[in-house]
1. For the stretch 451-596, what class follows from the C-alpha gyration tensor (a ≥ b ≥ c being the square roots of its eigenvalues): rounded when a/c is under 1.5, otherwise prolate if a/b is larger than b/c, else oblate?
2. List the pairs from 343/392; 487/510; 332/371 whose alpha-carbon separation is above 31 Å, in the order I gave them.
3. Quick check: pseudo-label points 7 Å beyond the Cα along Cα→Cβ at residue 387 and residue 543, how many nm apart are they?
4. Charges on Cβ only, +1 for Lys and Arg, -1 for Asp and Glu, centred on the Cα centroid of the stretch 28-92; of 85, 32, 75, which one is farthest towards the dipole's positive end?
5. How big is the accessible area of residue 149 in square angstrom, nearest 10, if you roll a 1.4 angstrom probe over the protein chains?
6. Place a point 7 Å from Cα of residue 510 in the direction of its Cβ. Which residues in the stretch 462-486 have their backbone N less than 14 Å from it?
7. Run through the stretch 491-525 and list the trypsin sites (Lys or Arg not before Pro) located in a DSSP loop whose Cβ has at most 12 other Cβ atoms within 10 Å.
8. What does the charge dipole of the stretch 452-596 about its Cα centre add up to, to the nearest 20 debye, if the Cβ of each Lys and Arg holds +1 and the Cβ of each Asp and Glu holds -1?
Amino acid sequence: MNRKIWKRRFRQLPFRRKLFLTYMLVSMIPAIAACVIFGFNTYKQTKEQYYDFAETLNQQTLQSINTLLDEVDRVALMHVIDSEIADILNKPYVQTGMEYVSDLRKVESAIDHAVRLNPKISGVTFVGRNDQIYSNAGSERNSFERIQKWAPLAMLQDEGKFITSVYEDDFNQNPTQLLSVVYVLGDWQSSLTPIGYANIDISYDSLQTILGVRNWKRPGVHTLVLDDQGLIYQSRKEGDWQPSELEQLQQQVMETADVQEGRLSFEKEEGSEVLVYVERHQETGWHIVQYVPRSVYVSSFQQSLKSFLVVLLLTWGGVLLLATIFSMQITKPIQRIRLAMRKAEEGRLEPIEDLRPGNPEFQQLMNSYNKMIEQLNESIEKEYRAVLQQKKAELKMLQLEINPHFLYNALNNISSLGEIHDIPQIQTLSDSLSQMFRYNLRSGDRVTVREELQHVQHYLLVQQVRFIHLQVSVELDESIAEMPMRKFLIQPIVENALSHGLEPLGGKGKIEVRAKRDEHTICFTIRDNGAGMSAARQEQLRQWFREGHPSDHLGLANIYLRLQHDYGEAASLSIRSLPQVGTVVQMRIPIQEVIT
């Protein structure tokens, strides 16, 4: 029931409000869809961005570790560069006295120089083939014991190198955490037979500096370094991880042999999700872990979503404002058209005034309406002019009917005088004039094609008396001779050709009149070789035809008006002319019943 009520209320609303509500609904649906899609994509992209950044941090961290180990390698292999050190380490006997002191100074000098160049290295110890110890690490005996402990493990490695876990050096008064790298040194000049061992100590503080230097680039991304023994490094000291959680993470990292792109999703004991990206350092066996708490990337996502919502609301407000303006641009022209049509129903054919630039479709609609009104007014005016011209022609014909018997008798007397005095021109002139008066005074306005052309012949015979050099040719297709047509359509055109075409040339020239059938029309062609007309004059005549230009004589414009009045669009009148060449006027009327 409520649905029907709302439907009825919506239908009763004005068109402008309906349009505005439609705009709101249409704009709201994509806005909500855009918000949902953007939220989903942004959440996904935010996680992806943090994963990508964690991967970048891992790559940089691995590169830093490799750089550190390369520096350590260069120190451990100084015997390869310095042959004197190689000879000292390769001595098979135990030196005594000044020889030992000299060898010790030589090796310790090289060690001190290497340590100064590599401040991350805290201690270097070499053990020669004869078990002599050369060290700057403090207690030589302690260093020797560490080498004895780890040397067998280094010999098991393909590269002859073993990297220890982080341990606490208990031999010093101030215990420190160290990372040691033990090398098996070979005699590279002869064979791979060991000539001694090297132990390079790296302070844990230097390692922390390397691992933590990049964590400031994006807050919320933290680093863990794990090995088989447990946690080596943690970027945050606040205790993000409980020991049990680290143990569980380490177990998951170790057991996951096939991790897609190194990505893991780890859930902590309190239920919070942590994004984890893991990569293994091949040389040390360490697992470099970058992790992002869920609260970090959710906060970043919320900030992006808030910014999007602000932009979306502003955009939606702008859309509604534009919708209001646009609805007004639609409804106002409709109201104006509606008002104009109401006036037209009342008989007031008035165009829409003040056409302001706006919507092109409505502008075109109003222009079409104005053009229709203009054409209707022109049509009414044309009809009025045609009727007026018809009345004038009828009035002239009535004027010619004054005392017809007197005119007939006078013309018969003139013809008799011409015959008595043997002057054939007078007889021909009077007979032709008599026939013309009889044709003019004939009742009705419908004649045959033959009668109309006979009237033209009589007219031309009269003109030949005046213009003795005038040549005349009249041809009639007998198949149309008895077909009906309106009276006085051809003679005014012939008169126009004579007065405007040949008379300026002294009447010298030729006029041809032909009537023939052309499918469903009768085609009349009136041709002269007189003065012709300019293009501007022809265009003026065509404009008269289009506009119904009034005229006081039965000229071409009046003939065109009569054709339109009598036959409508079925009739046509065309003119082709060239100056000093001549003019061709062609008239077509539809074929009607034969007059019997």
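1. Oblate shape, in that a/c is at least 1.5 and b/c is the bigger or equal ratio.
2. Numbers: 343/392 35 Å; 487/510 24 Å; 332/371 20 Å.
With Cα atoms farther than 31 Å apart: 343/392.
3. That separation, rounded to one decimal, is 2.9 nm.
4. Sorting the options by dipole projection puts first 32.
5. 140 Å²
6. In the stretch 462-486, the label zone of residue 510 (backbone N under 14 Å from the point 7 Å along Cα→Cβ) covers 470-475.
7. Taking the stretch 491-525 and a limit of 12 other Cβ atoms within 10 Å, no loop trypsin sites (Lys or Arg not before Pro) are found.
8. That gives the stretch 452-596 a dipole magnitude of about 420 debye.
The values are calculated or read from the model by the stated rules, or taken from the named source; none is laboratory data. Remember, it's a predicted structure, so these values are computed and weren't measured experimentally. Here the Cβ is made from the backbone with ideal geometry for all residues, glycine too, and neighbour counts use every protein chain on show. Keep in mind that these areas ignore ligands, DNA and RNA; they rest on the heavy atoms of the full protein, side chains included. Shrake-Rupley method; radii C 1.70, N 1.55, O 1.52, S 1.80 Å.
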